[in-house]
Structures are given as C-alpha cells and as structure tokens.
Amino acid sequence: MVVRRPPGRRAQILAVAADRFHRSGYHQVSMTEVAAGVGITAPALYRHFRGKPELLDRAVRLGLDALGDGLRAAGSTTELGAVLAEVAVAHRPLGTLVQRDARLLPPARRAALRRELRADVALMAAVLRAERPELSPPDAELLCWSALSGCAGLSYQSVAPQPRRAEALLRELVAAVLAVPLDDTAPGPSLPTGEVPRPRPQARREELLAAAVRLFHQRGFDNVSTDQLGAAVGISGPSVYRHFDSKAQLLAASLVRSRERLWHEVDGAISTAAGPAEALAAGLGAYVDFALRNGDYLGAMLSETERLAPPDRRAAVDFRRDFLRTWVGLLRQVRPEYDAVTARIRVHALFSLVNDGVRNRPYSARPDLGDCLRRIGRAVLGVDA
C-alpha cells in the first residue's frame, strides 16, 4: 500500500520551523519540537529535511523568494512599498531569521543570501532613481536598505498587529523613507576607536568585555573559544578564568556593560531636553551616535541573548521591553494621535534600520551615515516636520 503524504506538508513544516526559530532562537529549537508542532514524529520530519540547517535555509528562502518575486514586478515606489509591507506581514519571522539566525548558515549559503538581498536592493534602487533621478546610486541604495530593514522591524513585535493595519502603516513608512532627501547630509565627527585606559587590573576586565562583544557578534558564541578571547587581549585562554568563571558569564557581563552604556547615553540625552519633541530628537541623536560606536554590541544583543542563562536572558529581555516602552511613551507625547500599536511599529522600525545601517557594509563606512540615519529615523517616527 502506498502512503501518501498530506499535501503542503513541507510548507507546513517550514511555517512551524520559522515561527519556532523566530520566537525562541535557532539554538533553542529542536527537530523534535518542530515535528511536534506539525503533528508528526521526528523520523517523519527527517524524511522531508535533513536537519535544522536545511530547515533554516529553506525557511529564509521561502520569504526571500516571495520578496524577490514581488520586487521584480514592481514598477513604482508605491508598488515597492506594497511588496515590502505584504512580505513583512505574511512572513513575519523573516526579519529575525535574516538579521539574527542566517549567520548560522554555512558560509556558501550566507554569501548567496547576501547576494540575493543586494540584487533585491538594486531592483528597488532602480525604481527609486527613476522617480528621483537626483539621487546618487549609493543614496538610493541606502534608502532602499533602510526601507527593507524598517519593515523587518515588524518581526520584533511581541504580538502580531492586525494584518491590514500593519500593511497600511508599513506602506506609509516605506514611502516616507524613500522620500528622505540626502543631498546635503553632513559628515559626523571622528569616532573614538577604543576605550579610555583604566588602571589595571580593571583594564584587563574591560578589555575582555569589549573583545567578547566583538567576537561573539562576529563569530557567534559557540564559535569563540577562551583561547581566542584571551588572545584578543594578549593573555592565555586559561587566564580568562581569572576574571570570569565561564564564557557564559563573560557573555552576560559584556551585554550588561553595553546596555548600561546605552541607557546612560540615551537617557541622559532625553532627561536633559526641554520638552517631549526636543527629548525625542535628542534621544534619536544619542541612539544613532551610540550605534555608530557600538555596532558589535547591537549585533551581539540581537544574536546572542538566547545563549544567556535564563535569569540573564530575562534581564536582557526586560531591559529591551523597558527601553521600548520609554520610546513609545515619548513618541506618543509628541504625536498624541498615535495609539500604542502605531507607536510600537514605528519605534521597532527605527531600531531595526539603525541597527542594520551601522553594520551594513559598505554603507556603514559613509562619513555622513549618522546624519542620514537621523533623517531617516525622523521620517519613520513621523516627526520630520
């Protein structure tokens, strides 16, 4: 007797896998959990996919294929906005899968994904420059990357907003981003390349914290050894344990130190401003400035929080929730017509495009990137009067 598989089973598996990876992080999800979510056994799951890497690759591919198909058919910036919004809502996990988990794919697949995204942005930039011929190719591509990243911010909503409403707002955000003028942006000041020296032994601990953030972001927690951490600051691997009991403790301490600095800089700018509008502008400037100097932390915060022990992970999640709440509340003071859902979508879009912008080469090397991101950020927040 021939046993026929239910139609659409592979698509069902991919949808469950994408949702699990999105919610819990790739490392925290087992094939058994994915199988249970579909209602099949783990051996049955392996008849469809060879393992988690293939599941992740195909889940990302599913969303990118939808994005590419839509962009190839778009002939105006309005249609570009419709495609980005529709894909962001229909494939909500795609943002976190690309920004956080895709780095875990094999190198060849990561390179292919990057090429595909660049091709998508090139398609968008061609459409944008047809409507705005004054834009240089780099300016058009930066705006298109920002629109793409801003829409990916929908992935970080803890509760999915009503689809039609989310699509309408994302279309509005894309239109605002693609309309931002970049012809008279100003280069920012030279940024410091290192921390101020501190007396030893505190300096060694600080060096390890900075090196850990950088290496964990670039290579991933599991791919960094204590020998590599020690070598980064000129000590042996075992000497790391003179400062931290474990690699996990070093990860937790490095993220705590970085978010303390983030809060100190942003809250300091907000709390000394004269009013809500000034506070929002000051906070945006402080966040962009911090991001330009601390891209490794923003990347590690996004990608490595799931590797923390449960108490440390809860503290990191609580900080992000409180940080978001501060921005949402401030934005609603400036734009009282926004409800909480609208404000959250806009703030998530801001964080996503800034975090991507400072780490997205070659655009991250622009001397005027800070000014560009502040302008784009104001447009996304809807306060670009």
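The values are calculated or read from the model by the stated rules, or taken from the named source; none is laboratory data. Remember, predicted model here, so these are calculated numbers, not experimental data. Because the Cβ atoms are built from the backbone with ideal geometry, glycine has one as well, and the counts that use them run over all protein chains shown. What goes into the accessible areas is simple: the full protein's heavy atoms, side chains included, and nothing from ligands, DNA or RNA. Shrake-Rupley method; radii C 1.70, N 1.55, O 1.52, S 1.80 Å.
The table below gives the values:
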{"item": "Filtered residues of the range 332-373 (kept if in contact (Cβ under 8 Å) with a residue 12 or more places away in the chain and outside any helix (DSSP H, G or I))", "result": "Arg335, Tyr338, Val358, Arg359, Asn360, Arg366, Pro367, Asp368"}
{"item": "Within the range 364-378, tally of residues that are at pLDDT 95 or above, among the aliphatic types (A, V, I, L, M) and open to solvent by 10 Å² or more (accessible area, probe 1.4 Å)", "result": "0"}
{"item": "Residue within the range 210-219 that is of a type outside the set (A, V, I, L, M), open to solvent by less than 50 Å² (accessible area, probe 1.4 Å), closer than 24 Å to Leu104 by Cβ and within 30 Å of the chain's Cα centre (by Cα) present", "result": "yes"}
{"item": "Boolean, Arg361 is farther than 26 Å from Leu178 by Cβ, modelled with pLDDT under 95 and among the charged types (D, E, K, R)", "result": "no"}
{"item": "Test: residue in the range 283-298 that is assigned to a loop (DSSP other than H, G, I, E, B), at negative phi, open to solvent by 10 Å² or more (accessible area, probe 1.4 Å) and at pLDDT below 95", "result": "yes"}
{"item": "Check on Ala309, open to solvent by 60 Å² or more (accessible area, probe 1.4 Å) and among the aliphatic types (A, V, I, L, M)", "result": "no"}
{"item": "Listing of helices (runs of 4 or more DSSP H) fully contained in the range 1-105 that carry 3 or more residues being modelled with pLDDT of 90 or more and under 26 Å from Leu148 (Cβ atoms)", "result": "9-24, 52-72, 77-90"}
{"item": "Odd one out for Ala108 among (1) of a type in the set (Gly, Ala, Ser); (2) part of a helix (DSSP H, G or I); (3) open to solvent by less than 40 Å² (accessible area, probe 1.4 Å)", "result": "(3)"}
{"item": "Counted residues, the range 154-170 - those being touching a Ser or Thr at 6+ places or on another chain (Cβ under 8 Å) and at pLDDT 95 or above", "result": "1"}
{"item": "Odd one out for Leu67 among (1) open to solvent by less than 30 Å² (accessible area, probe 1.4 Å); (2) over 26 Å from Ala179 (Cα atoms)", "result": "(2)"}
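Residue-by-condition table, conditions (1) under 20 Å from Asn360 (Cα atoms); (2) touching a residue at least 24 places away in the same chain (Cβ under 8 Å):
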| residue | (1), (2) |
| --- | --- |
| Pro43 | no, no |
| His48 | no, yes |
| Asp65 | no, no |
| Leu71 | no, yes |
| Leu84 | yes, yes |
| Val98 | yes, yes |
| Asp101 | yes, yes |
| Pro106 | yes, yes |
| Leu113 | yes, yes |
